[in-house]
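Readers should treat all values here as calculations from the given coordinates under stated rules, not as data from a laboratory. Remember, predicted model here, so these are calculated numbers, not experimental data. Every residue, glycine among them, receives a Cβ derived from its backbone with ideal geometry; neighbour counts consider all protein chains shown.
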Amino acid sequence: MPESQLLDNPIWHSLLTGHRDLAEGGALARRFPAFIGPLAGLAEDSASAWQALRPLAGPQGVVALFFRQAPSPPPGWKLIRVGPLLQMVAAPVAPTGLPELPAEASLRRLTPSDAPAMVALAELTEPGPFRLRTIELGAFFGVFHGPELMAMAGQRLRLPDMVELSGVCTHPDARGRGYARLLMARVIEEILAEGKTPFLHVLAENEAAIRVYRDLGFVPARDLVYGVFLRQD
């Protein structure tokens, strides 16, 4: 299947390909384990696929999915959040013109021992769903002030020739210093070293973030819709 078609349903295709070893589910519905996050995918937006998703969500469970059009789940599901996403794809070159890291900061690859600090930063800044083992999805990098994690960025969905850049966030006390750009550039470098193309998803109304992503070489690819759903029993 062409990569452009995989990007129409990126969570599903990540669970079929690059993250198939983590996938729970079968031919119609799959999800990441709850300890990694709520992301799930459907092979098709059909009643049978939604039914296959129910045991994966569990009683009163919450899952998050991406769609090309506004979702219309069958009875038994409650839509608790929905909104437009912009999917962007990067040119196959490393960003240039990046700011210098200030003397009080250090940048390094994050490890599982950093997971509690990563979750705390994500809860403060809300870059998207993040759990203690989300780090297992790919390489993450962080900027520290001494022992304190002040910003991070990493990898999430994996397709045969593409890797999603995700989890980009900066502590309010450290904004305006270019940390997000530096970290994204480091993640992009990691993805390009694999011979793959970076892509990402951003809330369509987040114009400030979109400007940063354009400056780093990302261009719009398609409009998607995200939905967060509660299984009702």
**OP:** Can you quote the Å³ per residue value for the convex hull of the Cα atoms in the range 1-55, rounded to an integer?
**Re:** 78
Subject >> Tensor-based shape of the range 76-117 (alpha-carbon gyration tensor, a/c under 1.5 rounded, otherwise prolate or oblate) >> reply: oblate
Subject >> Total charge dipole magnitude, the chain, about the Cα centre, Cβ charges on Lys, Arg, Asp, Glu only, Debye to nearest 20 >> reply: 300
**OP:** Quantify how much of the Cα-Cα distance distribution of the chain extends past 28 Å, in percent.
**Re:** 29
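Could you rank the peptides 157-165, 176-184 by their average count of other C-beta atoms within 10 Å per residue, with the highest value first?
Working: 157-165: 21.9, 176-184: 20.1.
Ranking the peptides 157-165, 176-184 by packing returns 157-165, 176-184.
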Original post:
About its Cα centre, what dipole magnitude does the range 88-219 give when the only charges are +1 on Lys and Arg Cβ and -1 on Asp and Glu Cβ, stated in debye to the nearest 20?
Top reply: 160
Subject >> Cα centroid of the range 1-53 to Cα centroid of the range 165-196, whole Å >> reply: 26
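Which of rounded, prolate, oblate describes the range 123-233, given a ≥ b ≥ c as roots of the alpha-carbon gyration tensor eigenvalues and a/c under 1.5 marking rounded, otherwise prolate only if a/b is larger than b/c?
Working: a/c = 1.30, a/b = 1.10, b/c = 1.18.
Rounded shape, in that the Cα axes give a/c under 1.5.
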Subject >> Residue-by-residue Karplus 3J(HN,Hα) for the range 105-111, coefficients 6.51, -1.76, 1.60, Hz, glycine and proline x >> reply: 10, 9, 10, 8, 5, 8, 10
